[in-house]
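Engineer: Questions regarding the structure given below will be posed in turn.
Values quoted throughout were computed directly from the atomic coordinates according to the rules given, and no laboratory measurement underlies them. Since the model is a prediction, treat every value here as computed from it, not as a measurement. Cβ placement follows ideal geometry from the backbone for every residue including glycine, while neighbour counts extend to all protein chains displayed.
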Amino acid sequence: MIEDSTEFRKEAHKMADRLADYYEELEKLPVKSQVKPCEIISKLPASPPEMPEPMDAILQDFDNVIMPGITHWQHPSFFAYFPANTSYPSILAEMLTATLAQQGMVWETSPAAAELEERMMEWLKQLCGLPEAFTGVIQDTASASTLAALVTARERISKWQVNMQGFYDINKYRVYCTSETHSSIEKAVRIAGFGSANLVKVEVDDMFAMKPEALEMAITADLNAGFVPCAVVATIGTTGCTAVDPVKPIGEICVRYNVWLHVDAAFAGTAMVLPEMRHYLTGLELADSYVFNPHKWMFTNFDCSAYFVKDTDALIRTFEILPEYLKTSSRGQVNDYRDWGVALGRRFRALKLWFVLRNYGAVGIRETVRKHIVLAAWLTLQMQKEKGFEILTPTRFSLVCFRYVPEGMTNEDEIDKYNEQLEQKLNASGKLYITHTRLNGKYTLRLVIAQTYVEERHVREAWELIKGTKNSK
Ligand SMILES: *Cc1c(COP(=O)(O)O)cnc(C)c1O
């Protein structure tokens, strides 16, 4: 058992070397873990140890048992899903976070955590050109941010009656999104008590973006049928193919019908550090809330989701609950963030953001994000030039959606199968990791370039590997 600071110091130094070694060796490891289901659990003892074990033994098992089951999210050739990237300054901050082990439920339990969080949210607002009227708070995930938005929308429209009475004898509220909206919205709709049946999927155009006129029709049809439109969720950068719902016309409709507009930019929000991307935010001042995840693309390790809301009073009134044992004398002068979301206990997440934003500077963040976007454009161009490759939706931000159609193959099912196998072969190589979606029914390969330490050579190697694998048996 580590019992004193001398021993802790020794182990911590060794750990620092281990962390640096990991990043030096990372490229040699298979990106996607190659283990079979239950392979890891079968190597773990069924019962906890009775006697203390030395760190060496634990770390040896970490190397032998745990590491093979790690999918290396920080590998520069991780092109799957959306990333959850990190960076050296973020890791260093996380070490401090674990050391201080703050519980920032109210200001008094950690004044620095509360006030740094307040300032970091102001920094993010400036960095990304978000509307002045927004106030930010860190949530663990975009899912939690969206849940906070929908519960607040529910309370605003019910005049805080659902909080008090439950959904009993209350009108049926409706929430609107599209077929492309992230699954976390439907999850929030269920948890908040709206029910999936009251989630209306509005039609999309051929770029997979919400059609504002279809939204308005859905709202008026619902009003005629006696429903109460409550909230719309628009997305900037959908998970499948980074489609962008037009925020301005959607916002105008929401204002007209007094509907809460929540904008989900979980991944693409980071791109707003670039002035040339800001046009996607047009109309955001009409929204009631907005979320993006620094833990996806802003070099800040999971978890760190930035939730912005216009009416903080409504947010706090929705989540505030004040038992005697949580009353403090500083109430009202400072932010008690436990009233700003679901959880009472809160990690000191602002610290890693502070380290990252200072160590990179706005310039460093802009340069790195721009590099990713340029690399995605480069890869898109290569695919457009190469016979048989199809780009299935225009490349936005840094996601490339593509497939390969072998010469003479016309049957769509066969083409789907071919691309599914191509994906499996590529991922089994251990050299890169990509995932897929379906666009207009077509099996679509997704390659996202947003890793902190990805370089041009990784994208070139990926392209060579894809070309070399497509016709292999
Ligand atoms: C990733 C993603 C989410 C979910 O993010 P979590 O932080 O994991 O909850 C929500 N919406 C969009 C558009 C996403 O890309």
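Engineer: Per 5 Å bin, what is the whole-percent P(r) computed from every C-alpha pair distance within the stretch 81-126?
Structural biologist: 5, 17, 17, 24, 23, 10, 3, 1
Engineer: What FRET efficiency comes out for the pair residue 4/residue 228, r = Cβ-Cβ distance, R0 = 60 Å, nearest 0.05?
Structural biologist: Numbers: r = 62 Å, r/R0 = 1.04.
Rounded to the nearest 0.05, the efficiency is 0.45.
Engineer: Under 18 Å from the 7 Å Cα→Cβ point of residue 311, by amide nitrogen: which residues of the stretch 214-255?
Structural biologist: Of the residues in the stretch 214-255, 228-234, 251-255 have backbone N under 18 Å from the label point off residue 311.
Engineer: How much of the pair distance distribution for the stretch 263-365 lies past 16 Å, counting alpha-carbon pairs only, in percent? Working shown, then result.
Structural biologist: Working: 3507 of 5253 pairs.
Within the stretch 263-365, distances greater than 16 Å cover 67 percent of Cα pairs.
Engineer: So, one more: Would you mind putting 446-456, 275-285 in packing order, based on average other-beta-carbon counts within 10 Å, highest first? Intermediate results must be reported in sequence, preceding the final value.
Structural biologist: Details: 446-456: 21.5, 275-285: 15.8.
In descending order of packing, they fall as 446-456, 275-285.
Engineer: Residue by residue, what Karplus-based ³J(HN,Hα) values in Hz, rounded to whole numbers, does the stretch 123-128 have, using 6.51, -1.76 and 1.60 with θ = phi - 60° and x for Gly and Pro?
Structural biologist: Ordered by residue, 3J(HN,Hα) equals 4, 4, 4, 5, 4, 9 Hz.
Engineer: For the chain, what does the helix formula give at 222 nm: sum of -39500 (n - 2.57) over DSSP H segments with n ≥ 4, over the residue count, nearest 500 deg cm²/dmol?
Structural biologist: Details: 14 runs with 191 residues, N = 473.
Result for the chain, helices only: -13000 deg cm²/dmol.
Engineer: Report, by chain and number, residues whose modeled amide H sits under 5 Å from the one on residue 392, excluding near sequence neighbours (fewer than 5 apart, same chain).
Structural biologist: 401, 402, 403
Engineer: Here's another thing I want to ask about it. Taking 0.36 nm per intervening residue step and subtracting the Cα-Cα distance, what contour gain separates residue 60 from residue 96 on full extension? Intermediate results must be reported in sequence, preceding the final value.
Structural biologist: Working: separation 36, 0.36 × 36 = 12.96 nm, distance 2.46 nm.
Extra length available between residue 60 and residue 96 comes to 10.5 nm.
Engineer: Taking 35 Å as R0, compute the FRET efficiency from the Cβ-Cβ separation of residue 421 and residue 179 and round it to 0.05. Numbers along the way, then the final one.
Structural biologist: Working: r = 26 Å, r/R0 = 0.75.
Working from the Cβ atoms, E equals 0.85.
Engineer: What is the pair-distance distribution P(r) of the stretch 301-347, computed from all Cα-Cα distances in 10 Å bins starting at 0, with each bin given as a whole percent?
Structural biologist: Reading the bins upward from 0: 21, 56, 21, 2.
Engineer: Let me ask something else. Check the straight Cα-Cα distances from residue 385 and name the lysines below 22 Å, setting aside those fewer than 8 residues away within the same chain.
Structural biologist: 371, 442, 467, 470
Engineer: What's the magnitude of the charge dipole for the chain around its Cα centre, counting Lys and Arg as +1 and Asp and Glu as -1 at the beta-carbon? Answer in Debye, nearest 20.
Structural biologist: Details: 51 positive and 60 negative charges, 159 e Å.
The dipole of the chain has a size of about 760 debye.
Engineer: Rounded to the nearest whole Å³, what is the per residue volume of the convex hull around the Cα atoms of the chain? Numbers along the way, then the final one.
Structural biologist: Values: hull volume 86.4 nm³, N = 473.
Each residue corresponds to 183 Å³ of Cα convex hull volume.
Engineer: May I ask you to list the aspartates and glutamates whose Cα is less than 13 Å away from that of residue 14, ignoring any residue fewer than eight positions away on the same chain?
Structural biologist: Cross-link targets: 56.
Engineer: Using only alpha-carbon positions, what ratio does the radius of gyration of the stretch 213-290 give when scaled by 2.2 N^0.38 Å? Present the calculation step by step, with values, prior to reporting the outcome.
Structural biologist: Values: Rg = 13.3 Å, N = 78, 2.2 N^0.38 = 11.5 Å.
That works out to 1.15 for the stretch 213-290.
Engineer: Among 286-298, 56-68, 104-116, how do they line up by average Cβ neighbours within 10 Å per residue, starting with the highest? Could you put the intermediate results ahead of the total?
Structural biologist: Details: 286-298: 27.0, 56-68: 12.5, 104-116: 18.7.
Per-residue Cβ counts within 10 Å, averaged per peptide and sorted highest first, yield 286-298, 104-116, 56-68.
Engineer: Shifting gears a bit: When only Cα pairs under 8 Å and 6 or more residues apart are kept, what is the percent relative contact order across the stretch 302-401?
Structural biologist: Values: 49 pairs, mean separation 17.5, N = 100.
Normalised by residue count, the contact order of the stretch 302-401 is 17 percent.
Engineer: Let me ask something additional. Would you kindly derive the ³J(HN,Hα) couplings of the stretch 74-91 from the backbone phi angles with the Karplus curve 6.51 cos²θ - 1.76 cosθ + 1.60 (θ = phi - 60°), listing them in order in whole Hz, with x for Gly and Pro?
Structural biologist: 9, 4, x, 9, 7, 10, 8, 6, 10, x, 10, 7, 9, 7, 4, x, 5, 5
Engineer: Here is a follow-up. Please find the FRET efficiency linking residue 279 to residue 67, where r is the Cβ-Cβ separation and R0 is fixed at 56 Å, and quote it to the nearest 0.05.
Structural biologist: Numbers: r = 44 Å, r/R0 = 0.78.
Efficiency, rounded to the nearest 0.05: 0.80.
Engineer: Provide the percentage of antiparallel DSSP beta bridges, counting only those with both residues in the chain; round to the nearest 5.
Structural biologist: On the way: 24 of 42 bridges.
DSSP beta bridges in the chain are roughly 55 percent antiparallel.
Engineer: Right, another one. For a quick protection proxy, order the peptides 243-252, 415-424 by their average other-Cβ count within 10 Å, most packed first.
Structural biologist: Working: 243-252: 21.5, 415-424: 16.6.
In decreasing order of mean packing, 243-252, 415-424 become 243-252, 415-424.
Engineer: Evaluate the Debye formula for the stretch 342-473 with equal point scatterers sitting on the alpha carbons, no solvent, and hand back log10 of I(q)/I(0) at q = 0.15, 0.19, 0.21 Å⁻¹, in q order, two decimals.
Structural biologist: Results for the stretch 342-473 at q = 0.15, 0.19, 0.21 Å⁻¹ read -0.77, -1.05, -1.22.
Engineer: Can I ask one more? If the only charges are +1 at each Lys and Arg Cβ and -1 at each Asp and Glu Cβ, what is the size of the charge dipole of the stretch 83-155 around the Cα centre, to the nearest 20 debye?
Structural biologist: It comes to approximately 180 debye.
Engineer: For the chain, what is the relative contact order in percent, using Cα pairs closer than 8 Å and at least 6 residues apart in sequence? Walk me through the intermediate numbers first.
Structural biologist: Details: 796 pairs, mean separation 102.9, N = 473.
Dividing the mean separation by the residue count of the chain yields 22 percent.
Engineer: Computed from the mean reciprocal separation of all distinct C-alpha pairs, what Kirkwood hydrodynamic radius does the stretch 347-398 have, in Å?
Structural biologist: Working: mean 1/r = 0.0749 Å⁻¹.
About 13.4 Å for the stretch 347-398.
Engineer: Find how much the distance from residue 377 to residue 29 grows on full extension, using 0.36 nm per residue of separation minus their present alpha carbon separation; answer in nm with one decimal.
Structural biologist: Details: separation 348, 0.36 × 348 = 125.28 nm, distance 2.71 nm.
Contour length minus Cα-Cα distance gives 122.6 nm.
Engineer: Restricted to Cα positions, what overall size does the stretch 125-222 have along the principal axes? Three whole-Å values, descending.
Structural biologist: Rounded to whole Å, the extents work out to 43, 34, 23 Å.
Engineer: Which value results when the Cα radius of gyration for the stretch 20-99 is divided by 2.2 N^0.38 Å? The partial results should precede the final answer.
Structural biologist: Working: Rg = 15.2 Å, N = 80, 2.2 N^0.38 = 11.6 Å.
Compared with the compact-globule rule of thumb, the stretch 20-99 sits at 1.31.
Engineer: Taking the simple approach of a point 7 Å from Cα along Cα-to-Cβ for both residue 18 and residue 428, what is their distance in nm?
Structural biologist: About 3.3 nm, to one decimal.
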